[in-house]
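Encoded as structure tokens, the structure appears first; notes follow it.
The values are calculated or read from the model by the stated rules, or taken from the named source; none is laboratory data. Because the structure is predicted, anything quoted here is derived from the model rather than measured. Note that each Cβ is placed from the backbone with ideal geometry, even for glycine, and that neighbours are counted across all protein chains shown.
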Protein chains: 2
Amino acid sequence: MDYETPQFFRVIQYATEADRDVVDMVSGSPDWDPPAALREGLREYADAPPAANQYPPSVGLAELRTEIAQRRGVDRDQVLVTNGAGEANHLAMAGGLEAFPGEEVLLVDPTYPYYAGRANFLGAETTAVPVAADGHVDPAAVREAASADTAVIVVNTPNNPMGVTYGEGAMADLVAVAEDHDALLVSDEVYDHFDYSGRFASALATGSAHRLVTNSFSKSLAITGWRVGYAVFPDGEGLAEAHPAAGLHDRARTRHMLTTVTGSRPAQAGVLHALRNTGPEYFERVRRRMDERVTVLTGALEDVGAEYTEPEGAFYVMARFDGFPGTFEHVETLVDEAGVAGMPGEAFGEARADWLRFSLTTDRVDAAADRLRAFFG
Amino acid sequence: MDYETPQFFRVIQYATEADRDVVDMVSGSPDWDPPAALREGLREYADAPPAANQYPPSVGLAELRTEIAQRRGVDRDQVLVTNGAGEANHLAMAGGLEAFPGEEVLLVDPTYPYYAGRANFLGAETTAVPVAADGHVDPAAVREAASADTAVIVVNTPNNPMGVTYGEGAMADLVAVAEDHDALLVSDEVYDHFDYSGRFASALATGSAHRLVTNSFSKSLAITGWRVGYAVFPDGEGLAEAHPAAGLHDRARTRHMLTTVTGSRPAQAGVLHALRNTGPEYFERVRRRMDERVTVLTGALEDVGAEYTEPEGAFYVMARFDGFPGTFEHVETLVDEAGVAGMPGEAFGEARADWLRFSLTTDRVDAAADRLRAFFG
């Protein structure tokens, strides 16, 4: 995979250079406003005394870790604040590959492409487990694919690109697979505030030492550019010293300290203020708006007879159009002839290479729906 | 080395718990105000539209890279914005070890301890070259220590902990050593705005493909907690494909993308605004104040007959007191009995293990000088 010009950029560039108006349904960057308290927090920070501009603890501001720990129902000592979920996933995968036996990373197909990128970068092999017909991961299929060589299993719920949310049973089953194969389940839960099914279940619920949860405020506070994320490590209490998870957190802290040093303090301060001063209305409002966009887009897909996976969470709809597989060529055709830019399924793996992914992070979903109706109808 | 509780923290904690008032001369975090334009930039950013809160380019905001490139007299394509100089040094050392033959990192003794920490983390061996009697690195000694196994040479000018500034000749000689041993010279120049000697010479002056410069705004804008730094890579133009430096920049971009993803955007925006709207008076004023602190502290050292290295740059004074070697025990004695907290020389290596390092990042240098006079006089 060529990380210098990822496939996202290729599509965005094509859409930008198109000779017509195009609705951008490519990126997963929120198009809506962060909470007012976030801006307020940044303004307050701008007036802080000199000392407030100096190094925060490498593990993150203590008050921010406390706030995160309370929300996730874990001990503050389990929380490491990272430079976004990206760094958290890197630390989790690097640490899992180091500590757990085996050199393989299991992924779900289709998958967020940077998981595979990170695994390759770390010298691991990847095995992709195709999703079931309903777009969900089948824990039995993951169990079948897992072996003694499996060190890390990475899942994402609510899921990019499938738009599904894994339920409590599935998460427990996935953790059990990790336990039975002496592996680490890394559960990336960055879309946890965008569950339309009411079924979201964090991997934290299991209390196993074989699961590590990553997250960030990129989506929930609409700030992908701020880079504030975190990892929740297994509770080390009572773990035998020889348990692979025993030194996981310490090693991740060292890696974080010697590579990133610490996350940016203005961003951490702003997020802390936002968490403390943003009511549930904000999160409900943005979730409801996303849910409305889901209805609008799937209405059009229904009208034109497309096959699609009903979104239960996250920002995305995967759809398949008869005779119009989701290749780069067809993505370009859709840009030129319909004025809608989506992502080709092949960017996410093989299982849904025929499909297209549409991101709902635009306030022009209505226009996109009309255009898809006109083009495919 | 134990990175979880570095020796800095140990001393700071001892000083904090002391039963008396202590002047903190331990950390290198500026105690003065960032420029007004930095705060202004952050306030402006706080009001920016939603899109301004989303991912900046992984390599950093284009305008910030342009601003950096213009200041350093390099091409914008050579500049990668990083999460502080810490990440820049990690990328430089990791890349240098990968691309250049050999597995050894040459350091100067005494040295900033995280260079050794990073080298160890990357699996490299380190060799320390003791400084000369005047506290400067002797390029001839570096040449003598270098071998076919040397992949990376790390220097820091103006220097922490010695407080000296390497001149143009020394830098050219160091680059020549790197060239002759097929190694990469990493020159960390974070204190470049704090040169009292007028002699500072960047490694960029040589134009060699064997030198990589790292830097940050942590010291020059008094914002160690913001994490905005950068690396200037060798100009790839005209390099043979087989040259070790040829792929250095591309690989560092990939590593940055897959580990840190990108630096925090509020911080990048604030720094950009500060660079554009801060006149030379600000930098002159803070440099002059530091220079005055140098005079005050060295006056006291002179009075009590201590041996010391005349500071030519950076924030630090290394000093040796007869019969009072710079051990942890003596550091603690100085805290308890003089009310001054410095760093033990042994924290920085062996060559100056008998010495103490005093940081001038406090507005109470006068009090410290009086106390040292009273204690040692």
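Some notes on this structure:
- Options B:Ala133, B:Ala141, B:Ala151, B:Ala146; residue that is at pLDDT 95 or above and touching a His at 6+ places or on another chain (Cβ under 7 Å): B:Ala146
- Residues that are among the charged types (D, E, K, R) and without any contact (Cβ under 8 Å) to a residue 60 or more places away in the chain within the range B:311-325 comprise B:Arg320, B:Asp322, listed in sequence order.
- Total residues in the range B:66-84 satisfying the condition of being within 14 Å of chain A (Cβ to nearest Cβ) and either touching a Gly at 6+ places or on another chain (Cβ under 6 Å) or of a type outside the set (A, V, I, L, M) (or both): the figure is 5.
- Any hit, the range B:50-58, residues being surrounded by 14 or more Cβ atoms within 10 Å (Cβ to Cβ), more than 30 Å from B:Thr206 (Cβ to Cβ), in the same structural domain as B:Val232 (by TED's automatic domain parsing) and of a type in the set (Gly, Ala, Ser): yes
- Residue in the range A:206-222 that is of a type in the set (Gly, Ala, Ser), surrounded by fewer than 20 Cβ atoms within 10 Å (Cβ to Cβ), in contact (Cβ under 8 Å) with a residue 24 or more places away in the chain and under 26 Å from A:Gly236 (Cβ atoms) present: yes
- Residue check: B:Val190 meets all listed conditions (1) away from chain A (no Cβ under 14 Å); (2) within 18 Å of B:Val137 (Cα to Cα) but one, namely (1).
- Qualifying residue in the range A:351-363 (condition: more than 18 Å from the chain's Cα centre (by Cα), surrounded by fewer than 24 Cβ atoms within 10 Å (Cβ to Cβ) and in a helix (DSSP H, G or I)): no
- If you go through the range B:117-139 and pick out every residue that is surrounded by fewer than 18 Cβ atoms within 10 Å (Cβ to Cβ), over 30 Å from A:Arg251 (Cα atoms) and touching an Asp or Glu at 6+ places or on another chain (Cβ under 8 Å), you end up with 2.
- The range A:101-117, subset small (Gly, Ala, Ser) and either within 15 Å of A:Asn159 (Cα to Cα) or more than 9 Å from chain B (Cβ to nearest Cβ) (or both), residue farthest from the chain's Cα centre (by Cα): A:Gly102
- Taking the listed residues B:Glu98, B:Glu179, the one that is among the acidic types (Asp, Glu), within 14 Å of chain A (Cβ to nearest Cβ) and not in a strand (DSSP E or B) is B:Glu98, with no other qualifying.
- The set of residues in the range A:260-277 that are more than 22 Å from the chain's Cα centre (by Cα) and crowded, with 19+ Cβ neighbours inside 10 Å comprises A:Val261, A:Arg265, A:Pro266, A:Ala269, A:His273.
- Residues satisfying the stated conditions in the range A:89-130, i.e. farther than 22 Å from A:His256 by Cβ and without any contact (Cβ under 8 Å) to a residue 40 or more places away in the chain: A:Glu125, A:Thr126, A:Thr127, A:Val129
- Top-ranked residue of the range B:259-290 - restricted to ones that are under 29 Å from B:Tyr316 (Cα atoms) and not in a helix (DSSP H, G or I), ranked as farthest from the other protein chains (Cβ to nearest Cβ): B:Gly279
- In the set (1) touching an Asp or Glu at 6+ places or on another chain (Cβ under 9 Å); (2) not assigned by TED's automatic domain parsing to the domain that holds A:Leu122, A:Pro30 fails one condition alone, (1).
- Of all residue pairs spaced 6 or more apart or on separate chains, those with beta-carbon atoms under 8 Å, a first member in the range B:282-303 that is in contact (Cβ under 8 Å) with a residue 60 or more places away in the chain and a second member that is among the polar types (S, T, N, Q) are B:Phe283/B:Ser220.
- Complete set of residues in the range B:225-250 that are touching a Gly at 6+ places or on another chain (Cβ under 8 Å), modelled with pLDDT of 95 or more and of a type outside the set (A, V, I, L, M): B:Trp226, B:Arg227, B:Gly229, B:Tyr230, B:His249
- Taken together, B:Leu248, B:Leu258, B:Leu275 contain a single residue that is aliphatic (A, V, I, L, M) and without any contact (Cβ under 8 Å) to a residue 12 or more places away in the chain, which is B:Leu258.
- Entry remark, the range B:218-241: residues being more than 11 Å from chain A (Cβ to nearest Cβ) and among the hydrophobic types (A, V, I, L, M, F, W, C) number 5 in total.
Okay, residues lined up against (1) in contact with a helix residue (DSSP H, G or I) (Cβ under 7 Å, 6 or more places away or on another chain); (2) more than 14 Å from chain A (Cβ to nearest Cβ); (3) small (Gly, Ala, Ser):
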{"site": "B:Phe8", "(1), (2), (3)": "no, no, no"}
{"site": "B:Asp31", "(1), (2), (3)": "yes, no, no"}
{"site": "B:Pro49", "(1), (2), (3)": "no, no, no"}
{"site": "B:Tyr55", "(1), (2), (3)": "no, no, no"}
{"site": "B:Leu64", "(1), (2), (3)": "yes, no, no"}
{"site": "B:Ala92", "(1), (2), (3)": "no, no, yes"}
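- Members of the range B:291-327 found to be part of a strand (DSSP E or B) and either under 14 Å from B:Gly342 (Cβ atoms) or out of contact with any Asp or Glu (no Cβ under 7 Å at 6 or more places or on another chain) (or both), listed by number: B:Glu307, B:Tyr308, B:Tyr316, B:Val317, B:Met318, B:Ala319, B:Arg320, B:Phe321, B:Phe324
- Only residues that are under 19 Å from the mean Cα position of the chain (by Cα) and over 23 Å from B:Pro113 (Cβ atoms) were counted across the range B:140-170, and they come to 2.
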